[in-house]
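Take a look at the structure below.
The values are calculated or read from the model by the stated rules, or taken from the named source; none is laboratory data. Computed from a predicted model, the values in this text were never measured in an experiment. Here Cβ is always computed from backbone atoms with ideal geometry, including for glycine, and neighbour counts include all displayed protein chains. Note: areas computed on protein heavy atoms with side chains; ligands, DNA, RNA excluded. Shrake-Rupley method; radii C 1.70, N 1.55, O 1.52, S 1.80 Å.
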Amino acid sequence: MAGKWDFWIDRGGTFTDLVGRAPDGTLHPYKLLSENPEAYKDAAIEGIRQLLGLKQNEPIPPDQVGAVKMGTTVATNALLERKGDPTALLITKGFGDALKIGYQARPDIFAKEIIKPEQLYKHVVEVNERVLADGTVEVDVDLAVVKTALEEIKTAGIDAIAIAFMHAWKYPSHEKQVAQIARDMGFSQVSVSHEVSALAKLVGRGDTTVVDAYLSPILRRYVEQVSQELGNGPRLMFMQSSGGLTAADLFQGKDAILSGPAGGVVGAVETSDIAGHQKIIGFDMGGTSTDVSHYDGEYERAFETEVAGVRMRAPMMRIHTVAAGGGSILFYESGRFRVGPESAGANPGPAGYRRGGPLTVTDANIMVGKLKPDNFPSIFGPQQNQPLDVEIVRSKFGQLAKEIGKGQTPEEVADGFLRIAVENMANAIKKISVQRGYDVTEYALTCFGGAGGQHACAVADNLGMETVIVHPFSGILSAYGMGLADIRASRSQAIIEPLDDNGMKALDRLQPLLEQAVRQEVEGQGVSDSEIETFSRVHLRYDGTDTAIAVPRDDEPAMRESFAEAHKKQFGFIFEKPLIIEALELEAVGGGASVAEPEHDLDEIERSASVKTQIFTNGASVETGIFGREDLQPGNRILGPA
């Protein structure tokens, strides 16, 4: 927006990253700890203040800020820590424990003691109503009884309601009546399954509705807190799990689970495309975890995922996460090394952060010499002006080497831990690529996140990849991705009809309705009709199976062919069975910010380092050159370790 600042923000578990675009178009990166209670209340707002040159707690002038685009882990953390709002579930009589029983899947087949994840809802009301699969009303809903039950819930201090009735994805009239009563009674959050996830299968639909009711109030409070600080002028938008932005008032709990990581995937794809790479593996290593993603021309989305023991049916970027980040704690127990999954977070953080933290992956990189305090921001200590503490890291690794007692040097111990972390990350990449039929050696590894650059080459070597892309903003690429992302709106509706003439007619009837809904949502956010593009996908499955695959909407023979090809690639075989249309999905896209990255001539000369240092890697100490990015020109070559 001319004459105003735009801010693109990713609030992560350890760090909050910002990119400020000044009125003259220049980009200003900034990074600060997500939690620093002694210094500030909210990292995102503090970052905006710092970039605008304001003092602490000084109000932000609303006329200076155009748009704030943001990804946040607020919902994810609330889900993982089970800190959402107390929620009551209203479900068809006889199905009160359906969500608890779930699909009776055993994630760990050999576990002797099965610990089930805690349910998100606090209270269940079984509503005496029943609509059959063909729409026949077997038992009508008694609204007076429902009202009494809701009054009891209100008295118990529960303010969030999730409603999921049998077959309501197709016949929602009972849900609508009950939802109306709850809204009239003043419940602040009423999530209804046919609005949240109009898909068949009570368990997935019910779980998604509960998640929405459980997390939306927390998100709303966070949105209000940020809006209050920003004032009325700026336009506030949030990144959804599907990789698209949406207005703050449309941001829902079910779409917020992967809000931060999705921005990273968009940033990785867009910047790699500028560099001429259309097939990439995104490798985002932050402080708490590593997220990996696969892209070969189209964003990959999962429509049924499980997060923290909760089944979700909402479009999400297909991102695989492993608990190996810069802050993953190093353990030596029972004679073996272990990395994570516990993380030191931002507080206390790694040992080198001067807050009395434990040894972590970051400390191992300090120990082997890959992280130099001179090249790291001096943001530690009580005044936030001290460098990393190398002495405490050396002393702690020295103690650990003594404790292990096998004559290893502290550097060898640190290198051993790093090799385990690299193996964990390489296995995560194999899971999303090699195990799904993709040859990873044909891809570029686009590396980002605060800790990505320290491990990218080791991970690429492990996988046989030859190209690694590191963007100048790689440390804050998730925030950069928020700025490059489009505004997106999507709707899915179950159909459950055979793929034949009748099925095609059902698609023809439904498509204009969904298209109108998604177009209106994007237009309502200030995008002109000519800028909006719509995508239509049909989810098909074999009759008698339950794994649907999305294919582009086309005529019947073309969809059959696309499905057979995708099924063969993913599972290695095809059936001679009728196909079922599971659902139709419509998405409208438009209104992304464009950032012009300059083109440079290539200066293909070999560079030598002005500064050299020793790093310990693969069991030996190696002399390594240190190169500042500002001293290198496009096309320069470097021989040997750097």
Review point. If one computes the Cα centroid of segment 280-322 and of segment 432-497, what distance in Å separates the two points?
Key: 10
Review point. How big is segment 395-452 on each of its three principal axes, counting only the C-alpha atoms and giving the largest first in Å?
Key: 45, 23, 14
Practice item. Enumerate the aspartates and glutamates that Lys406 could reach by cross-link, defined here as Cα to Cα under 17 Å, with residues fewer than 8 away along the same chain left out. Key: Glu333, Asp415
Review point. With each label point set 7 Å from Cα along the Cα-Cβ vector, what nm distance links Phe376 and Ala149?
Key: 5.6
Exercise for review: Mind giving me the FRET efficiency for Ser621 and Gln570? R0 is 35 Å, r the Cβ-Cβ distance, nearest 0.05 is fine.
Suggested key: 0.15
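Given Cα positions, please report Rg to Rh for segment 345-404, the hydrodynamic radius being the Kirkwood one. Write out the running numbers ahead of the final one.
On the way: Rg = 11.2 Å, Rh = 11.6 Å.
Reported Rg/Rh, Kirkwood definition of Rh: 0.96.
Could you look at the chain and say what percent of its accessible area is carbon and sulfur, using a 1.4 Å probe and all protein chains?
Values: 14240 of 29260 Å².
Heavy-atom surface of the chain belonging to carbon and sulfur, 1.4 Å probe: 49 percent.
Between Lys83 and Glu300, what length in nm is gained on full extension when 0.36 nm per residue of separation is reduced by their alpha carbon distance?
Using 0.36 nm per residue and subtracting the Cα-Cα distance, I get 75.2 nm.
So if I take the alpha carbon set of segment 589-642, get Rg, then get Rh from the Kirkwood formula, what is the Rg over Rh ratio? Don't jump to the answer; show the numbers that get you there.
Details: Rg = 17.1 Å, Rh = 14.1 Å.
Taking Rh as the inverse mean 1/r over Cα pairs, Rg/Rh reads 1.22.
Can you give me the convex hull volume of the Cα atoms of segment 434-485, divided per residue and expressed in Å³?
Details: hull volume 5.1 nm³, N = 52.
Hull volume normalised by residue count: 97 Å³.
Show me the ranking of peptides 609-617, 217-225, 196-204, 238-246 by mean Cβ neighbours inside 10 Å, starting with the highest.
Values: 609-617: 14.2, 217-225: 17.8, 196-204: 21.2, 238-246: 26.3.
So the peptides 609-617, 217-225, 196-204, 238-246, ranked by packing, come out 238-246, 196-204, 217-225, 609-617.
Find the all-direction average of the projected area of the Cα convex hull for segment 400-498, expressing the result in square nanometres with one decimal place. Don't skip to the answer; put the middle values down first.
Working: hull surface 46.4 nm².
Value for segment 400-498: 11.6 nm².
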Check your understanding: How far is it, in nm, from the label point at Glu533 to the one at Asp546 when both lie 7 Å from their Cα along the line to the Cβ?
Key -> 3.5
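Taking N as the number of residues in segment 169-324, what is its alpha-carbon radius of gyration divided by 2.2 N^0.38 Å? Write out the running numbers ahead of the final one.
Details: Rg = 17.7 Å, N = 156, 2.2 N^0.38 = 15.0 Å.
Compactness ratio reported: 1.18.
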Review point. Taking a label point 7 Å from the Cα of Ile605 along the Cα→Cβ vector, which residues of segment 624-642 have an amide N closer than 11 Å to it?
Key: 633, 636-637
Practice item. Using a 1.4 Å probe and counting only protein heavy atoms, arrange Ile574, Ile48 so the residue with the most accessible area comes first. Key: Ile574, Ile48
Check your understanding: Using a simple charge model, +1 on the beta-carbon of Lys and Arg, -1 on the beta-carbon of Asp and Glu, nothing else, what dipole does the chain show about its Cα centre, in debye to the nearest 20?
Key -> 1720
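Per DSSP H run of n ≥ 4, the term is -39500 (n - 2.57); total these for the chain, divide by its residue number, and report the mean residue ellipticity at 222 nm rounded to 500 deg cm²/dmol.
Numbers: 15 runs with 200 residues, N = 642.
It comes out at -10000 deg cm²/dmol, rounded to the nearest 500.
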Revision key, fill the gap. Note on the chain, DSSP bridge orientation, antiparallel percent to nearest 5 equals 65
**Study point:** Candidate lysines - alpha carbon under 20 Å from Lys176, same-chain residues fewer than 8 apart omitted
**Key:** Lys93, Lys147, Lys154, Lys201, Lys254
Practice item. Evaluate the charge dipole of segment 602-642 about its Cα centre and quote only its size in Debye, nearest 20, assuming +1 on the Cβ of each Lys and Arg and -1 on the Cβ of each Asp and Glu. Key: 140
Practice item. Specify whether the C-alpha gyration tensor of segment 453-527 places it in the rounded, prolate or oblate class, a ≥ b ≥ c being the square roots of the eigenvalues: rounded for a/c under 1.5, otherwise prolate if a/b is larger than b/c and oblate if not. Key: oblate
Practice item. Over all alpha-carbon pairs of segment 34-105, lay out the pair-distance distribution in 5 Å bins, whole %, shortest bin first. Key: 3, 11, 14, 14, 14, 10, 8, 6, 7, 7, 6, 1, 0
Exercise for review: Would you please state which residues of segment 58-101 a label at Lys116 would reach in this model, taking the label point 7 Å out along Cα→Cβ and a backbone N cut-off of under 16 Å?
Suggested key: 89, 94-101
Exercise for review: Determine, for each peptide in 274-287, 504-517, the mean count of other beta carbons within 10 angstrom over its residues, then list the peptides with the highest first.
Suggested key: 274-287, 504-517
Point to revise | For the chain, average projected area of the Cα convex hull in nm² | key: 31.6
Point to revise | Gain upon complete extension [Ala105, Gln516; 0.36 nm per residue less C-alpha separation] | key: 144.1 nm
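Set the Förster radius R0 to 35 Å, insert the Cβ-Cβ distance between Ile404 and Gln435 as r into 1/(1 + (r/R0)^6), and round the FRET efficiency to 0.05.
Values: r = 34 Å, r/R0 = 0.98.
Computed FRET efficiency for Ile404 and Gln435: 0.55.
Pull out the extension gain between Gln56 and Asp24, defined as 0.36 nm times the separation in residues minus the alpha carbon to alpha carbon distance; nm, one decimal.
Values: separation 32, 0.36 × 32 = 11.52 nm, distance 2.51 nm.
Contour length minus Cα-Cα distance gives 9.0 nm.
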Check your understanding: Could you give the alpha-carbon Rg of segment 147-232 over 2.2 N^0.38 Å, rounded to two decimals?
Key -> 1.21
**Study point:** Those lysines that a straight Cα-Cα span of less than 24 Å connects to Lys568, excepting residues fewer than 8 apart in one chain
**Key:** Lys279, Lys430, Lys431, Lys577
Practice item. Please check which bits of segment 66-99 a label hung off Val139 would reach, taking the label as a point 7 Å along Cα-to-C-beta and the cut-off as backbone N under 20 Å. Key: 89-99
